[in-house]
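Visitor: One structure, pasted below without further comment.
The values are calculated or read from the model by the stated rules, or taken from the named source; none is laboratory data. If you're wondering where the values come from, they're calculated on a predicted model, not measured in any experiment. Every residue, glycine among them, receives a Cβ derived from its backbone with ideal geometry; neighbour counts consider all protein chains shown.
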Amino acid sequence: MLSARPGTLARMAKTDSFSVYDAPLAARPPTDPWVHALGEAAMYSPDYELLSRLLGIPVAAGKGSTTGALASGVDAWLSAEFRRAGFSADEVWPRPSIPRIMPRDIAMLLDGLPANLADAVRERLTSIKSVGPVDARYLGRAYEKQVDVSISRWDRGPEMLLSTKTQVSSFGKNLANRFEEAYGDAGNLRTRYPLAAVGFFFVQRSTILELEPDAFEKTIDMMRKLRDTVGLNGYTATGLALVSWDEAAPEAGVMVELDRVPADVRPEQFMTRMIEQVLSATPVSQHVRPRELMERRIIPVVEDEPGSDT
């Protein structure tokens, strides 16, 4: 039986930046995210209560000013939303458990192994970075890009590539750099993966409304201009959310504030557009469950699997 070298398991990290979110995510019962009826235009309803709960974890720990800590919460939430929409846990990265990045085919292999052997292989995977890396990195047209949330399989390749950014202060000062980077990343990824849904999701602290309202107007304008649904020089979809908390009482939690966010850049339209692109770029025998949820009907098609006779 495969076993780790003495001391290897003791040295391997059992937690990562997403571990603090594992319990809240596991405790959240999955719900149907679509609120439209059969024949109506698709209408997605994000779980904002879960986003508030997840972002409240780093804020309560005094890490609200650390955008990296908030970003992990945003990534965990978005990956949970795509799983909620019907995509499987092992094809949406980051996964809901360690290793966060692992091909679905390997997960299926582990499920088919005897329990003891599966546990040993799973432990070993976390130390083989080429198989279970910490970050999902994709080669674009010009350079390699770390992608924060993605849907990918060996037999399909990258289907969804999503970058997230958070901004809690110095809004106007850093805004131009944020969007310059975002625009370059969009062209880099879309020209190499023209069928993939390539998205950009931005979370800002709502203090921007009072402190730098001009920066907020520029944010909305740039979120719109970053899109290119026809060519390959912009994103398939972009989304914006504002969040707030009381610095004097961080334990009180985080609120998601969307009243001032225009409908065409809100998270609802972002999720809808990204999912539509993934489904439109694949045949009906792929992603059957997400299609059923979105189309509000049972689809009499069996999900294709690699190597199956169809």
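Visitor: Looking at (1) within 23 Å of ALA85 (Cβ to Cβ); (2) free of Cβ contacts under 8 Å to residues at least 12 places away in the same chain, which one does ASP259 not meet, given that it meets all the others?
Guide: Checking ASP259 against (1) within 23 Å of ALA85 (Cβ to Cβ); (2) free of Cβ contacts under 8 Å to residues at least 12 places away in the same chain, the one that fails is (1).
Visitor: Of all helices (runs of 4 or more DSSP H) completely enclosed by segment 105-221, which ones contain at least 3 residues that are crowded, with 17+ Cβ neighbours inside 10 Å?
Guide: 115-125, 171-190
Visitor: Where residues in segment 70-104 are at pLDDT below 90 and of a type in the set (Val, Ile, Thr), which of them is surrounded by the fewest Cβ atoms within 10 Å (Cβ to Cβ)?
Guide: ILE101
Visitor: Among the listed residues THR207, THR229, THR236, THR219, which satisfies the condition of being at pLDDT below 95, polar (S, T, N, Q) and in the same structural domain as LEU50 (by TED's automatic domain parsing)? It would help to see each step written out before you state the result.
Guide: Numbers: THR207 fails: at pLDDT below 95; THR236 fails: at pLDDT below 95; THR219 fails: at pLDDT below 95.
Answer to the selection: THR229.
Visitor: Every residue in segment 259-289 that is in contact with a Lys or Arg (Cβ under 9 Å, 6 or more places away or on another chain) and of a type in the set (A, V, I, L, M), please.
Guide: VAL265, LEU279, VAL284
Visitor: Among the candidates LYS173, LYS165, LYS145, which residue alone is farther than 18 Å from ALA76 by Cα, under 17 Å from the mean Cα position of the chain (by Cα) and not hydroxyl-bearing (Ser, Thr, Tyr)? Even if it seems obvious, please write down each step before you answer.
Guide: Numbers: LYS173 fails: under 17 Å from the mean Cα position of the chain (by Cα); LYS165 fails: farther than 18 Å from ALA76 by Cα.
From the options LYS173, LYS165, LYS145, the qualifying one is LYS145.
Visitor: Another one. I'm trying to understand the selection: among the residues of segment 84-128, which are of a type in the set (Lys, Arg) and in contact with a strand residue (DSSP E or B) (Cβ under 8 Å, 6 or more places away or on another chain)?
Guide: Matches in segment 84-128: ARG100, ARG104.
Visitor: Have a look at ALA41, ALA37 and point out the one that is without any contact (Cβ under 8 Å) to a residue 12 or more places away in the chain, assigned to a loop (DSSP other than H, G, I, E, B) and within 21 Å of GLU295 (Cβ to Cβ).
Guide: ALA41
Visitor: Given VAL288, VAL261, VAL284, VAL256, which one is within 30 Å of LEU109 (Cβ to Cβ), buried (at least 16 other Cβ atoms within 10 Å of the Cβ) and hydrophobic (A, V, I, L, M, F, W, C)?
Guide: Step by step, each of VAL288, VAL261, VAL284, VAL256 is checked, and only VAL288 is within 30 Å of LEU109 (Cβ to Cβ), buried (at least 16 other Cβ atoms within 10 Å of the Cβ) and hydrophobic (A, V, I, L, M, F, W, C).
Visitor: Right, here's the next one. Of the residues that sit in segment 222-250 and are outside any loop (DSSP other than H, G, I, E, B) and closer than 18 Å to THR207 by Cα, which one is farthest from the chain's Cα centre (by Cα)?
Guide: Applying the filter and picking the extreme gives PRO250.
Visitor: Under 6 Å between Cβ atoms, at least 6 apart or on separate chains: pull out the pairs that start in segment 152-164 with a residue that is hydroxyl-bearing (Ser, Thr, Tyr) and end on any residue that is part of a strand (DSSP E or B) and buried (at least 22 other Cβ atoms within 10 Å of the Cβ).
Guide: SER163/PHE200; THR164/PHE201
Visitor: Considering every residue within segment 108-121, establish whether at least one is in contact (Cβ under 8 Å) with a residue 40 or more places away in the chain and among the acidic types (Asp, Glu).
Guide: No; the residues of segment 108-121 include none that is in contact (Cβ under 8 Å) with a residue 40 or more places away in the chain and among the acidic types (Asp, Glu).
Visitor: Look at segment 27-56 and say how many of its residues are surrounded by 15 or more Cβ atoms within 10 Å (Cβ to Cβ) and modelled with pLDDT under 95.
Guide: 1
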